[in-house]
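Down below is the structure, laid out as structure tokens.
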Amino acid sequence: MNRRDFLSQSALSALALAPIARAQAAQGAKSQNIFEQVRAGRGLEGVDVVDSHAHIENISGNLFWPLDADILMADSRRCGIGLTIVSPFAGFMATSGDQLKAAHDACVSAVGKYKNSLRAYLVFQPHFLKTSIAEMERAVEPNSPFVGFKLHGAIDQYPADGPNYQPLFEFANEHRLHVLYHVFGGVERVGLTAVKYPQMTLAMAHMAFWTGATAEEVIALLKEHPNLYVDTCSSTWPYRYLEKFVRAVGAEKILFATDCTYLAHGPQIAKVAFAQISEDEKRLIFGGNARRIFGNRLPA
Ligand SMILES: [Zn+2]
């Protein structure tokens, strides 16, 4: 066999083997656990991932940081996040009722474009009470893109038991809707709210970090209130923080969240994927809990 024949034959046998190698690689990827998949730098595969706390913005464009729904969706897909629930920055930053409505309209368009992978929260602004109350109804319209509410207590400087939030909680309780709340004014006030509105589910953003409460106080609240949850997004947190919460309250109380596009996906996925908790606990956090809470408000 001359060199040329040898090379062409080798190339052919390599080609013939390629599908087998690909199939083996695919099989390997499927059988790899979450830790191994993420360590290999791949998007999650075979895991139902719901990002329960993300954002879009269309005010400042993509000038200094990519913020729009297209970039969020492209990144989510790349990382294996099948479904993302966003609230609009423009809603928190609104300085009039019309701006709040426009922010919600932008969510409708974004979800319209990404029907299978995007849903939104209505922003309830306690300082625009009349508009916020009128906007609440959008959550219960047929085929609503809105699956619950986001309240930013820190931006609005508003505690959970403040009077202007009560119409929203009554509404969420009546319709068994989910509320994501960035805590302001103390977690004990969130506990009072959870008791008062037992049909509503309530998640404290960022594991209720930066609220002045200790982990033990947050853990005690989570144990006390069946409808109370926390989410995982944060720029940082203490060593083995997730493990501590899973051990104390169970993975069932913890929702995966990224805070993208404000934060980046990678570290938010990694801290769940690399945690020393079981594969089943990771699956509950990544998506199982969100499926249980939101039910058929989320697309399959
Ligand atoms: Zn956020």
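GNM remark for the chain: springs join alpha carbons under 10 Å apart, and the peak mean-square fluctuation among S87, S235, S76 falls on S235.
Remark on G80: its backbone amide H falls under 5 Å from those of L44, a criterion applied only to residues 5 or more positions apart or on other chains, H modelled at 1.01 Å from N. Is the C-alpha gyration tensor of region 156-274 telling us rounded, prolate or oblate? Criteria: a/c under 1.5 is rounded; beyond that, a/b larger than b/c is prolate, otherwise oblate. Here region 156-274 falls in the prolate category. Distance from the Cα centroid of region 123-174 to that of region 189-236 is 18 Å (rounded to whole angstrom). When you count the other C-beta atoms within 10 angstrom of each residue and take the mean per peptide, 217-227, 255-265 line up highest first as 255-265, 217-227.
Work out the length of the dipole vector of the chain about its Cα centre, built from +1 on the beta-carbon of each Lys and Arg and -1 on the beta-carbon of each Asp and Glu, and round it to the nearest 20 debye.
On the way: 29 positive and 29 negative charges, 201 e Å.
In total the dipole reaches around 960 debye.
Determine, from the Cβ-Cβ distance of A215 and N116 and an R0 of 51 Å, the FRET efficiency 1/(1 + (r/R0)^6), rounded to the nearest 0.05.
Efficiency, rounded to the nearest 0.05: 0.90.
Using helices alone, I'd like the mean residue ellipticity at 222 nm for the chain: each DSSP H run of four-plus residues gives -39500 (n - 2.57), total over residue count, nearest 500. Each step should come with its number before you reach the end.
Numbers: 14 runs with 138 residues, N = 300.
Roughly -13500 deg cm²/dmol at 222 nm, from the helical runs in the chain.
The mean sequence separation of alpha-carbon pairs under 8 Å and at least six residues apart, normalised by the residue count of region 141-300, gives a relative contact order of 18 percent. In nm, give the distance between the simple-model label positions of I71 and E36, each being 7 Å from the Cα along the Cα-to-Cβ direction. Roughly 3.5 nm, to one decimal. Overall, region 165-270 carries a charge dipole of about 140 debye about its Cα centre when +1 sits on the Cβ of Lys and Arg and -1 on the Cβ of Asp and Glu, all other atoms neutral. Maximal additional length on extending the R176-A270 stretch stands at 30.7 nm, based on 0.36 nm per residue less the C-alpha distance.
Amide H to amide H distances under 5 Å link V179 with F149, T201, L202, A203, where only residues 5 or more positions off or on other chains count and H is placed in the peptide plane. Helix 69-79 and the longest principal axis of the C-alpha atoms of the chain enclose an angle of approximately 50°. Think of the chain as having a plus end and a minus end, set by charges on the Cβ of Lys, Arg, Asp and Glu; of A172, M73, S132, M73 sits farthest toward the positive end of this dipole. Across q = 0.08 Å⁻¹, the chain modelled as identical point scatterers on its alpha-carbon atoms has Debye log10 I(q)/I(0) values of -0.37, in the order of the q list. In the chain, Cα pairs under 8 Å separated by at least six residues give a relative contact order of 17 percent.
Bear in mind these aren't lab numbers, they're just calculated from the coordinates by the rules spelled out. Fair warning: this is a prediction, and the values are worked out from it, not measured in the lab. When we count neighbours, we look across all protein chains shown, and the Cβ atoms used for this are built from the backbone with ideal geometry, even at glycine.
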